[in-house]
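The values are calculated or read from the model by the stated rules, or taken from the named source; none is laboratory data. Remember, it's a predicted structure, so these values are computed and weren't measured experimentally. Here the Cβ positions follow ideal geometry from the backbone for every residue, glycine too, while neighbour counts run over all protein chains shown. Ligands, DNA and RNA are stripped out before the accessible areas are found, and what is left, the full protein with its side chains, is counted by its heavy atoms. Shrake-Rupley method; radii C 1.70, N 1.55, O 1.52, S 1.80 Å.
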Amino acid sequence: MKKLILDLDTGVDDALAISYALGSPEVELIGITGTYGNVLLDQGVRNSLAVTDLLGHPEIKVYKGLPHASAADSFAVGEASAFIHGENGIGEVTIPDSNREPESEPAIDFIIDAAKTYGKELIYVPTGPMTNIAAALRKAPETADRLGGIVLMGGALTVPGNVNAWTEANISQDPEAADYLFRSGTPATMIGLDVTLQTLLTYRETQRWRDLGTTAGAFLADMTDYYIKAYETTAPHLGGCGLHDPLAVGVAVDPTLVTTLPINMKVDVEGPTRGRTIGDNDRLNDPVKTTKVAIGVDVRRFLNEFMTRIAALAQAAG
Ligand code: BDR
Ligand code: CA
């Protein structure tokens, strides 16, 4: 059975990514590593613990990652993130705090150890900045060959960014880390805005969760409605909210949900286009392509899987 680690800045779509993973019998979620972005590190860790409890899975361990991109700076949540995910990251919905604490092992060591233990069975799914995985690869470069692969949510190759015309939020928070990951040679599939803005959810679907009559269903519906409402302001042309992070989990479970372009990627780390995800000129003629960028998605099949899996989970959780 495939093992997954989710690396989350637990906001609304990250919580939906947890739900998708827990609702997928084909994979075992062996742990969540915490990062920063939609919320500060500690709030994200708090959310991951509380959400896994609420969804009936208190056995899922949560590990604390790095609080920001480098020791030389600090991180503050952007206004746009707080608007889209709410100050608490989960759409201002109040759920009980878990009585569990994060594990004492740091996220980076957990990632390195898990790659040793599970090898090719292990898929690592970062849906925030790539800070933790870049640190793990720097500390133990052999992790790149050990892992089964990485399915990352981030970047935009064929469409504009969502922070500015060329950069996407997860990449913009730590362009150096994403660049390091792409150039490390780790097999990675990039699930960027190219595809995640094609997989949209509306109030019609969240009502189905509410209609289950369970606490978990009501939580998922209320949290996601907040996110859909924010999208009505930030991207009214879409007619729904982007299922960014759950799509990355969906592809980790079933790679046939997307069509991909094999290409060696890099991230611009200097100059006016800092944060741009683009093909790496230096490796253009290298016959070995280490990254696949998703450029097409079977929207109907994904949405159907998304709804079926999460509804079953929210029903069982009560
Ligand atoms: C990404 O940024 C965050 O707001 C979301 O959780 C997602 O991972 C989309 O650009
Ligand atoms: Ca995220």
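What the table shows:
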{"read-out": "Odd one out for GLU28 among (1) closer than 28 Å to THR233 by Cα; (2) within 17 Å of the chain's Cα centre (by Cα); (3) not basic (Lys, Arg)", "value": "(1)"}
{"read-out": "Matching strands (runs of 3 or more DSSP E) fully within region 2-88 where at least 2 residues are within 15 Å of ligand 2 (Cβ to nearest atom) and at pLDDT 95 or above", "value": "2-8, 27-34"}
{"read-out": "Residue within region 43-50 that is touching a Pro at 6+ places or on another chain (Cβ under 6 Å) and within 16 Å of ligand 1 (Cβ to nearest atom) present", "value": "yes"}
{"read-out": "Test: VAL12 is within 16 Å of ligand 1 (Cβ to nearest atom), more than 14 Å from ARG100 (Cα to Cα) and either surrounded by 21 or more Cβ atoms within 10 Å (Cβ to Cβ) or not aliphatic (A, V, I, L, M) (or both)", "value": "yes"}
{"read-out": "Total residues in region 229-254, condition in a helix (DSSP H, G or I), over 21 Å from ILE310 (Cα atoms) and in contact with a helix residue (DSSP H, G or I) (Cβ under 7 Å, 6 or more places away or on another chain)", "value": "2"}
{"read-out": "Residue in region 268-287 that is over 18 Å from THR127 (Cβ atoms) and among the small types (Gly, Ala, Ser) present", "value": "yes"}
{"read-out": "Residue within region 163-184 that is open to solvent by 80 Å² or more (accessible area, probe 1.4 Å) and within 20 Å of PHE83 (Cβ to Cβ) present", "value": "yes"}
{"read-out": "Verdict on ASP211 being under 16 Å from GLU168 (Cβ atoms) and over 20 Å from the mean Cα position of the chain (by Cα)", "value": "no"}
{"read-out": "Filter result (within 11 Å of ligand 1 (Cβ to nearest atom) and within 21 Å of ILE18 (Cα to Cα)) within region 232-245", "value": "CYS241, GLY242, LEU243, HIS244, ASP245"}
{"read-out": "Out of THR277, THR273, THR260, THR234, sole residue that is of a type in the set (Ser, Thr, Tyr) and over 21 Å from THR199 (Cβ atoms)", "value": "THR273"}
{"read-out": "Helices (runs of 4 or more DSSP H) (entirely within region 100-179) containing at least 1 residues that are within 15 Å of ligand 2 (Cβ to nearest atom) and either closer than 21 Å to LEU257 by Cβ or polar (S, T, N, Q) (or both)", "value": "131-139, 169-172"}
{"read-out": "Close pairs from region 97-110: first open to solvent by 50 Å² or more (accessible area, probe 1.4 Å), partner not basic (Lys, Arg), Cβ under 7 Å, at least 6 apart", "value": "ASP97/ALA50; ARG100/LEU49; ARG100/PRO58; GLU103/VAL62; GLU103/TYR63; GLU105/TYR63; PRO106/TYR63"}
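Residue-wise test of (1) closer than 21 Å to ALA221 by Cα; (2) buried (at least 22 other Cβ atoms within 10 Å of the Cβ).
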{"site": "ALA21", "(1), (2)": "yes, yes"}
{"site": "ILE32", "(1), (2)": "no, yes"}
{"site": "ASP42", "(1), (2)": "no, no"}
{"site": "VAL51", "(1), (2)": "yes, yes"}
{"site": "GLY65", "(1), (2)": "no, yes"}
{"site": "VAL77", "(1), (2)": "no, no"}
{"site": "ASN88", "(1), (2)": "yes, no"}
{"site": "GLU92", "(1), (2)": "yes, no"}
